[in-house]
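> Below are the structure tokens for one structure; questions will follow.
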Amino acid sequence: MSIDRKNTQPAIVETEGLYCIVIDDDLTSAKLIEGILNVVVFSFDRSSKFIEKREQLKSPIGIFLDVHLAEGECGLDELNKIAQYWPKTPVIVITGDTDDEIIGQALGGGAHDFISKPLRAGEVRARLNFSRKKIEETIDNRIFEFADIHLDLKYGRLKGPKGESYLSHTDAELLAHFISACGTLVSKTEIKRYIWGEIKISDNALDRKIFEIRKAVREVSGKAEIKSHYGKGITLQRKSHNDDQLILADKAIQLVSR
Amino acid sequence: MNHEDLLEKSIVEDLLRIEDHKKGFFAELIQIYEQQTIEGLKKIHSLVESKDYAIQAIAHKLKGSSFSMGLTRLAKLFQELESTNKSTKPENFVDLLDSAKITLDQSLNKLKTLIPQSTSRHNTLRNSIDLDIGT
């Protein structure tokens, strides 16, 4: 009997409820994780294939990413990008290597944790649960900084040199998402899915939200601005071109305790 | 033949525990593993002459899956294959591959005896149906 990855995994439309993503060219990993966690698993043999399909997926409970993938791809190459897709989803790197350097690269590259083969049931569950708990604990205490603005996600407090204002939880999450994008374009489709998930939101409603956030940023900041790119999406950027050079220096930082 | 180190008991027990809440899991897992490993061994065999780097990559994958299946002895053979390089003599590759094939057979036979009976019958039936379709 032929095991065909395309036929053994569920269709994307069926990924309702709890599900995991496994990016590994070893088919037994996906099957094992499916059995261990007792959830639907959507598997890819390369990270490039996952990235292609990512827009069609909603947030999984976890992503398991192997280091050595099909066609010579290295899971660590796209790790940082993958870890930013769904901030509440832990990315756990799977490795068959005992090399400390690879583990260091994985954690430094944005992985929440790592797991070595053999995949043991207790360890897979524990690593995933622990990572999810850690994210939940820190997400409410998150501080985001960009240019001269400072956003406290827990309280929705936005501060800058010109003053401070308070945002609704959704507006604060939206602004945090823009900050995490580090100056890159965020499409409206992505914003809707990230903030509202399956709930249908009109473009007008989203535009109103962006208007409110833009106004709040303008009131407190002299350096940051939210810019709409017609038909493409939104960016949070520095006003001055020279300041744009500093964008890479801006990072969303997490403070575990305040 | 000493079967002591063919299987890592605690890992296989873990896998069988999953079967308790997911009937048919163990047999399906073995089937996926078996197909993947046979394909991998064939690929390695075809690459021996060229000593292509892909040999190490395939051996690495098979090592990981074999460890996860609790097949310790086989995993160690794949580990040896993974450590080969351009200077490895072709006869050493052949010896390692032969040992891997024999150990794979032994390991799978052993694993298959552990498939819960109801699942085993179901699987045998399904295989025979697939074979009928395939011919």
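> Which whole number gives the average, over all residues in B:61-71, of C-beta atoms from other chains lying within 10 Å of the residue C-beta?
That works out to 6 on average.
> Here is a further query. Sticking to Cα atoms, compute the Rg of the stretch A:29-101 to one decimal and its Dmax as the biggest Cα-Cα distance, whole number, in Å.
When restricted to the Cα atoms of the stretch A:29-101, Rg and Dmax are 12.2, 35 Å.
> Separate question: From Cα pairs below 8 angstrom and at least 6 apart in sequence, can you work out the relative contact order of the stretch A:154-203, rounded to a whole percent?
24
> Modelled label-to-label distance, B:H21 and A:S228, 7 Å Cα→beta-carbon offset: nm?
Label at B:H21, label at A:S228, 4.8 nm between them.
> If the only charges are +1 at each Lys and Arg Cβ and -1 at each Asp and Glu Cβ, what is the size of the charge dipole of the stretch A:122-166 around the Cα centre, to the nearest 20 debye?
Approximately 200 debye in magnitude.
> Got a sec? How would A:Y85, A:Y155 order by Cβ neighbour count within 10 Å, fewest to most?
With the sparsest Cβ surroundings first, the list reads A:Y155, A:Y85.
> Binning every alpha carbon pair distance of the stretch A:53-190 at 5 Å from zero, what are the percents per bin?
All Cα pairs, binned at 5 Å, distribute as 2, 9, 16, 19, 18, 14, 10, 7, 3, 2, 0, 0 percent.
> Within the stretch A:162-222, list the trypsin sites (Lys or Arg not before Pro) lying in a DSSP loop whose Cβ has at most 12 other Cβ atoms in a 10 Å radius.
Answer in residue order: A:K200.
> Whole number please: convex hull volume per residue of the Cα set in the stretch B:1-124, in Å³?
96
> Using Cβ contacts closer than 10 Å as the measure, can you line up B:T72, A:T138 from fewest to most?
The fewest-first ordering by Cβ neighbours comes to A:T138, B:T72.
> Determine, for A:E212, A:E219, the number of other Cβ atoms within 10 Å of each Cβ, and report the residues in order from fewest to most.
A:E219, A:E212
Computed from the coordinates by the stated procedures, all read-outs in this text should not be read as laboratory data. Computed from a prediction, not measured in an experiment: that's the story for all the values here. All Cβ positions, glycine included, derive from the backbone under ideal geometry; neighbour counts span all protein chains shown.
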